Amino acid sequence: MGNEMNHTQRAMVYLIGAGPGDPGLITVRGAELIGRADVILYDGLANELLLGYASIHAEKICVGKHGHGGMWTQSQIDDEVVRLSKLGKSVARLKGGDTGIFARTAEEVDRLVEEGIPYEIVPGITAALAASAFTGIPITHRDWSSAVALVTGRLQRADDSEDAEESLDWNALAKFPGTLVLYMGVTTAAHWSGKLIDAGKPPSTPVAMVRRCSWPDQQVIRCDLGTVAATIAATPGLRPPIISIVGDVIRMAKKTDWFSMRPWFGKRIWVTSPTQSARVLSQKFAELGADVVQQPVMTIESPTDWQAVDATLQTLDQHDWIVFSSVYGVDGFFARLRALGKDGRSLYRSKLAAVGSGTAAALAKVSMFCDMVPQVQGAEALADLLVHHCKDQRFLFVRNPDGETAAMTRLAQAGATVASLNVYRQVPVESLATQWLERVESGEIHAITATSRNIASQAVALLGSLSRDQKWLSLSPSITTRLHELGCSNVQTAREPSFDAMVELIPDFGSGAAQA
């Protein structure tokens, strides 16, 4: 990170619990402090979507992820936190789950105290407490369990040491009058289940293994204590993070639960839109249970030369109508207007039109309200309305140079004077990583979104022949037509061109789930 950071406060270390997985479960305080930090050191168990709270200038460092190598030892993490702090940087140490539950926070605090570095601890939701909400298993019950014990299922060893020691009283745990929740116990399942049985816990005791609690691909596997090891061995891909709930409360679990009953649960959606709009669409799919992956096929960039745009912005009073073709057009238009020292007063004599409700909402955010918005989103529908207002009128279309021109042509043919103002560019992504193409080919992607004709064309170009076998979710009939022209036949079209209508396609789009 460069020297441009302005440290108005002395260095601080924030030890933040990231929660069980769902990024919405971060605390308000945790999200606030992520946004303040100069550097974020995050565990592999922390959802990377939480990095969206970070400053665009913040440095982000992953300190370890299962199955991806590069695992840092605790001492390496401590050293890096201290080093960064002594450079005057504020550091967010983002830890999966809760900072106080098997997170080694005490060791980090000891080091900070020793070095005289100020710190703050922010708790998070640990998986054991989240499991009840996300699986329907009550870890306490007035008739079955009035106590809970949180236990590490992993033998403890020092960093870089192969030696481990047994520190648990298995006799006490076997007689514990409540629910046991074992963390980090996948590789040692035969050990801890056998120890509990040897200490007197009945082999028939119910067990539920919850993998990736609150994540879109959450799994719940039920068995008996006596078959834990065999169940894990017989379940491919059952890798951390997993907690194992042991006790009679599992019998009280509802046969169905809200989390797994959501219509897109277990299915993976590829959102191809540029990052700015992908966040909105992704959130809508995620709320319905989808595992959303964002891989834009287009990026939004500024014009390479502002000269023509600036000249037009100086003469806005010469246009009767200003037509905004997208949210990106709104953003680019007003950002440049501000850069020239101007504001909305420059539009005082122009009427405003937008291609749809989303673009109209973007205008409303800058206190500009539309005179015309079609009920059905799209340039063609807007042209149907504007064509009645064409005679001797001057229209300025705020757009990108590669956008559709049919509406502009139609108004010009009806007698209007039409000009174009290109305030942003859609730049195609040149290629997709080989690993990404392999995921598509293997069937990991359940459906692909297409929110414009250009995006549909570019997604197909990047996928090549793979595109023909995919399931597509189309925002409008014109996009569907483009996909059909490109050889994609399995296309579902939203009833109207809106993100809300797009996610309504879910119940009608088949019952197969993507492979985890």
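Just so it is clear, none of the values below were taken in a lab; they were calculated from the coordinates. Because the structure is predicted, anything quoted here is derived from the model rather than measured. Here the Cβ positions follow ideal geometry from the backbone for every residue, glycine too, while neighbour counts run over all protein chains shown.
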Item to check | Cα-centred dipole magnitude for the chain, charges only on beta-carbon of K, R (+1) and D, E (-1), debye, nearest 20 | outcome: 1080 debye
Checklist outcome for this item: Dimensionless Rg/Rh of the chain, both radii on Cα and Rh by Kirkwood, sits at 1.05
Item to check | Segment Ile56-Met252, length gained on full extension (0.36 nm per residue, minus Cα span) | outcome: 65.9 nm
Checklist entry - For the range 302-426, taking Cα atoms only, what is the radius of gyration to one decimal and the Dmax to the nearest whole Å? => result 13.2, 36
Checklist entry - For the range 241-311, which semi-axes, largest first and in whole Å, follow from the square roots of 5 times the eigenvalues of its Cα gyration tensor? => result 45, 12, 9
Item to check | Cα-based equivalent ellipsoid of the range 390-516: semi-axis lengths in Å, sorted from largest, via gyration tensor | outcome: 34, 18, 11
Checklist entry - Using r as the Cβ-Cβ distance of Ala106 and Ala149, and R0 as 25 Å, what FRET efficiency do you calculate, to the nearest 0.05? => result 0.85
Checklist outcome for this item: Cβ-Cβ cut-off under 12 Å around Ile322, Lys and Arg +1, Asp and Glu -1: the net charge is +1
Checklist entry - Between the range 242-282 and the range 169-238, how many Å separate their Cα centres? => result 22 Å
Checklist entry - Taking K and R as +1 and D and E as -1, what net charge do the other residues with C-beta under 13 Å from the C-beta of Phe333 add up to? => result +2
Checklist outcome for this item: Of the candidates Pro401, Thr417, Leu316, the farthest towards the positive dipole end of the range 302-426 (Lys/Arg Cβ +1, Asp/Glu Cβ -1, centred on the Cα centre) is Leu316
Next on the checklist: Can you compute the helix-only [θ] at 222 nm over the chain? Use -39500 (n - 2.57) per DSSP H run of at least 4 residues, normalise by all residues, nearest 500 deg cm²/dmol.
Outcome noted: -8500 deg cm²/dmol
Next on the checklist: Could you order the peptides 233-243, 27-37 from most to least packed, using the average number of other C-beta atoms within 10 Å per residue?
Outcome noted: 27-37, 233-243
Item to check | Interchain or long-range residues, amide H under 5 Å from Arg268's placed H | outcome: Asp291, His446, Ala447, Ala514
Next on the checklist: Out of the trypsin sites (Lys or Arg not before Pro) in the range 230-302, which ones are loop residues according to DSSP with at most 15 other C-beta atoms within 10 Å?
Outcome noted: Lys254, Lys255
Next on the checklist: Once the cut-off is 18 Å, how many percent of the Cα-Cα pairs in the range 207-277 end up in the long-distance tail?
Outcome noted: 51 percent
Checklist entry - For the range 129-252, with equal point scatterers placed on the C-alpha atoms only and solvent neglected, what are the log10 I(q)/I(0) values from the Debye formula at q = 0.12, 0.17, 0.19, 0.21 1/Å, to two decimals? => result -0.42, -0.85, -1.06, -1.28
Item to check | Farthest toward positive dipole pole in the range 129-252 [+1 Lys/Arg, -1 Asp/Glu at C-beta], among Cys213, Thr188, Phe176 | outcome: Cys213
Checklist entry - For the range 13-124, what is the percent of antiparallel DSSP beta bridges, rounded to the nearest 5? => result 5 percent
Checklist entry - To the nearest 20 debye, what is the magnitude of the charge dipole of the range 13-124 about its Cα centre, counting +1 on the Cβ of each Lys and Arg and -1 on the Cβ of each Asp and Glu? => result 200 debye
Checklist entry - When a footprinting reagent is the concern and you count Cβ atoms within 10 Å, what order do Trp472, Trp170 take, fewest first? => result Trp170, Trp472
Item to check | Long-range Cα-Cα pairs in the range 13-124 (distance over 16 Å), rounded percent | outcome: 53 percent
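What is the fewest-to-most order of Trp264, Trp144 by other Cβ atoms lying within 10 Å of their Cβ?
Trp144, Trp264
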Item to check | Reach of Lys267 by Cα under 13 Å, taken over aspartates and glutamates that are not fewer than 8 positions away in the same chain | outcome: Asp217, Glu287, Asp291, Glu444
Checklist entry - So what's the gap between the Cα centers of the range 102-126 and the range 51-65, to the nearest angstrom? => result 19 Å
Checklist entry - Within straight cross-link reach of Lys351, meaning Cα distance under 23 Å, which lysines are found once same-chain residues fewer than 8 apart are removed? => result Lys342, Lys365, Lys391
